[in-house]
1. List the number of the failed condition for residue 825; all other conditions in (1) open to solvent by 10 Å² or more (accessible area, probe 1.4 Å); (2) assigned to a helix (DSSP H, G or I) hold.
2. Restricting to region 290-312, and then to whatever is at pLDDT 85 or above and of a type in the set (A, V, I, L, M), can you tell me which residue is surrounded by the most Cβ atoms within 10 Å (Cβ to Cβ)?
3. Keeping to region 839-849, report how many residues are part of a helix (DSSP H, G or I) and open to solvent by less than 30 Å² (accessible area, probe 1.4 Å).
4. Taking residue 692 and the conditions (1) in a helix (DSSP H, G or I); (2) closer than 20 Å to residue 520 by Cα; (3) in contact with a Cys (Cβ under 8 Å, 6 or more places away or on another chain), which numbered condition does it fall short on, given that it satisfies the others?
5. Is it the case, given these coordinates, that residue 492 is polar (S, T, N, Q) and more than 41 Å from the chain's Cα centre (by Cα)?
6. Against the condition modelled with pLDDT of 80 or more and under 18 Å from the mean Cα position of the chain (by Cα), how does residue 400 come out, does it pass?
7. Could you check region 611-620 and list, in sequence order, the residues that are outside any strand (DSSP E or B) and crowded, with 23+ Cβ neighbours inside 10 Å?
8. Could you look through region 587-605, keep only residues that are of a type outside the set (Val, Ile, Thr) and surrounded by 24 or more Cβ atoms within 10 Å (Cβ to Cβ), and pick out the one that is nearest to residue 639 (Cα to Cα)?
Amino acid sequence: MMSGLDTKKKDSGRATSFSQQVLDLERKVKVDTIQPPLPPVTDQEKGKAMRPPNSRYQRTIGPRPSQKIAETLERKGEEEEARMQYLTAQAASEQSADDVIYRLGADPRHGLHTDEAVRRLQVHGHNDFEISKEEPLWRKYLDQFKDPLILLLLASAVVSIIMGQYDDAVSITVAILIVVTVAFVQEYKSEKSLEKLSKLVPPSCNCVRDGNLSSFLGRNLVPGDTVHLTIGDRVPADMRLFEAVDLAIDESSFTGETKPSNKFVKMMKSAKGNNTPTRKNIAYMGTLVRCGHGKGIVIGTGENSQFGDIFKMMQGEEAPKTPLQKSMSTLGKQLSFYSFCIIGLIMLFGWLQNRKLLDMFTIGVSLAVAAIPEGLPIVVTVTLALGVMRMAKRKVIVKKLPIVETLGCVNVICSDKTGTLTKNEMTAIAIYTSDGMKAEVTGVGYNSHGTVLCEGHELDSYSNQSIARVVETGCVCNNAEIHNDILYGQPTEGALLALGMKMRLEHLRTDYIRISEQPFSSDTKWMAVRCRERRGANHLVDTEIYFVKGAMEKVLGLCRTYNRWNQAEWLTEARREEFMQEAVQMGVAGLRVVAMAVGNTMESLTFVGMIGILDPPRPGVREAVETLISTGVSLKMVTGDSQETAIAIASRLGIYAEGSFTLSGEEVEAMDMMKLACIIHRVSVFYRSSPRHKLKIVKALQSNGMVVGMTGDGVNDAVALKTADIGIAMGMTGTDVSKEAADMILVDDNFISIMAAIKEGKAIFYNIKNFVRFQLSTSIAALSLIALSTLLKFPNPLNAMQILWINIIMDGPPAQSLGKEPVDKDIVRQGPRRVKDPMITRSLLINVISSAFIIVCGTLWVFWREMRDNIITPRDTTMTFTCFVFFDMFNALSSRSQIKSIFTIGLFTNRMFIYAVVGSLMGQMAVIYFPPLQRIFQTEALTAYDLLLLTVLTSSVFVVSEIKKLIQRRRDRHYAVNQPFKHEYV
């Protein structure tokens, strides 16, 4: 079975030999060796025992090799048997689809058996790309010592050894190890958080295995698998197409050509030196299906695909930093510059005061390590990444970190109706025929549970010809599949198929052979299939028939006649208006109306009726809409449904109110951009809209200075999603194309998740501000303390090891835990943040300076009090050191919120913060009371009275902060905190 042929094993020993041979092959042969094109297989070699065609499109698919060929291959020996091969795109394109299917041992109808797929997976590996081998942890740890400041400290330790100051050398070395370990843990956590982000959206595909079409991860594909492609899919691997129906694929990732490439299945001629990747009968991994659908055999996976070479070039590229990361990096550099200037002055003044040069050098370098916020960009990255992971738990996947910053700025959301504001659980509940008959449908879900009632009578099969004709059209003009009550396809088509199952008419699909298809598009708003009826096993009726379904006005516009008691009558304007009024009545009831027509040609269609499909609003959406509107976020519904259906749903959800405007897609298209921008703030519903209208709506809103979030799920939504400030794709119904273009994906397609994401985005931004406040105040306090001590000709109140310990607290767990502060329930009530609002605001700067002032004054007072005898002792520095650390803990506590009291948000709501503070205090106690650490940090034990005094004194920074917050809250009571912003669009 070296090529995957479906032949029986003669004995178990033979199978064992094959497994061992595959293992040997893995050891000896590189899987990614490019194979030369194989010679075509002759018809004589294929034999007569080939599988008959089995396709709705009458397209010849792969042959099943005869037993004679299988036996011949068995005799070719172990070397030939070991060729678990893949094919290059060039080799596959120059062979017929039948040859490729034969070469790879594929089975287009039943797919590979699971056991066979597992064996091929062992040979070829997973269908993904092996990232360059991860650097060992020990090397990453050693890289931390490359920091110039750490090297300077090490140099200081070496100088101490040379001068015989071994205690100082040991102390500095231990402190360096602690600082380096903390930095290493920070960076490691950041890397792991970002790794998790890349795994949030695993690509999936529709593949045939064991005779069943199922959806599973694309990384599990192997050469020989049969994959079905439909509009909006991302091609999961290189494939040789054997069926293509109006298939067009966007290959701009290879060619840069934006126009989709039309695909076919016929064999291409060999062309010497032709290395172009755009072969018309090959679908390439990573490309996007823009139109139609098709089927293909996987010929290459992972690095053996055309995309493999591109991936190798991509490995050297680094992801760009987010704007917030850049601003924090800039802030860090500015602070570093000022810090170096101050430290230089401190060392200069110390040298002029005849202090020991080595001591001043060590103090200066230690102060640089502590005062320079080199960890600021790292902590920002970790906070953003952790916020993204929290969003993922709430069914929101953010693909790019910068989006987190933008979420709190969104002031307009344009949302689809179906699946986002509604459940997307389509159920057909009403039928209206062209001859005036009405029927009700019971039952929900994609199954046969339910009945069709007409005038109190239950209908079954063809008991009512008119209704059966409507249902038949919905079943035949349909690409969905229902297996075990699970829908594979579009919900609207699933509802029509379930209706056919309730009337026991689902078998009608097999009574017709589909010749061609005109897929549904957002522009035409209808779908048509051309079929021939099957009579008996092999006989087809010569007459062709078209089945059409789509939007009422579009389908009715294609019809010349209508069905009346199984007779075609001319469709007069009066009849046309009557049918449109019936559709309006369904729309007012909130139903989606799907019209049906049949005919021998597209120019002579007969209208047969319509089906009303219910898609109820999602629970909780109305409350979410009200909350967002109350915070200044404007909501606009953009839907392809009729005006009546759109208004009915929008009114129920609170989006549309009396006096609001509606615009149709045609009206949007007819307006120039300036006029649309002038009136768009008054429009709440856009109906009969297509993706190109979405793009124009987004641009009109952005021209008014709005930050726009746009939802979308279709292929043609990609441009609007990319243009919007935040493109939001649907995780369940969204196409791969829309997910690729979007910045954010709603896993459950639920509008409530958008509100949760905005809330989380605001919380993350405020948490980062809290962290920045704490770190800046600590840095300024540390610098000011040493600078003032030097200017006042005091001895240094802190030694190098103590300063490094403060750095650990400033950059370590207490600081990072501020980034994990729970979302404040009142944050969502605040209006959208302006994009250009700086991180360092005036109020934040006042808080930083006031906190640093209190810390410096309190610490200097303790130092002055302890050294009144003019003799500096370990007790003096221990009291000063502990005072600064206690100040830091209370400062971190007050930094948990900029406005609210700690007693309002709850002392224990952030457990990570409590653990970090308790751990830091325990570490401080160890430094004071544990003899080995006493020698390193040059401390001595303090009394209970000392600790009590320091606790009372250092709590002053917390008390002053709480008083300031109280004054701020009382001042804010004069303003309506939770009222909407008075923007023009509200």
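1. (2)
2. Checking each candidate, the answer is 298.
3. 3
4. Evaluating residue 692 over (1) in a helix (DSSP H, G or I); (2) closer than 20 Å to residue 520 by Cα; (3) in contact with a Cys (Cβ under 8 Å, 6 or more places away or on another chain) leaves (3) as the failure.
5. No.
6. Taking the combined requirement at face value, the residue does not satisfy it.
7. Hit for region 611-620 is 615, nothing else.
8. Taking the candidates together, the pick is 592.
The values are calculated or read from the model by the stated rules, or taken from the named source; none is laboratory data. Note that the structure is a prediction, hence the values are computed from the model and not measured. No Cβ is skipped: glycine too gets one built from the backbone with ideal geometry, and neighbour counts run over all protein chains shown. These area figures cover heavy atoms from the full protein model, side chains too; ligands, DNA and RNA do not enter into them. Shrake-Rupley method; radii C 1.70, N 1.55, O 1.52, S 1.80 Å.
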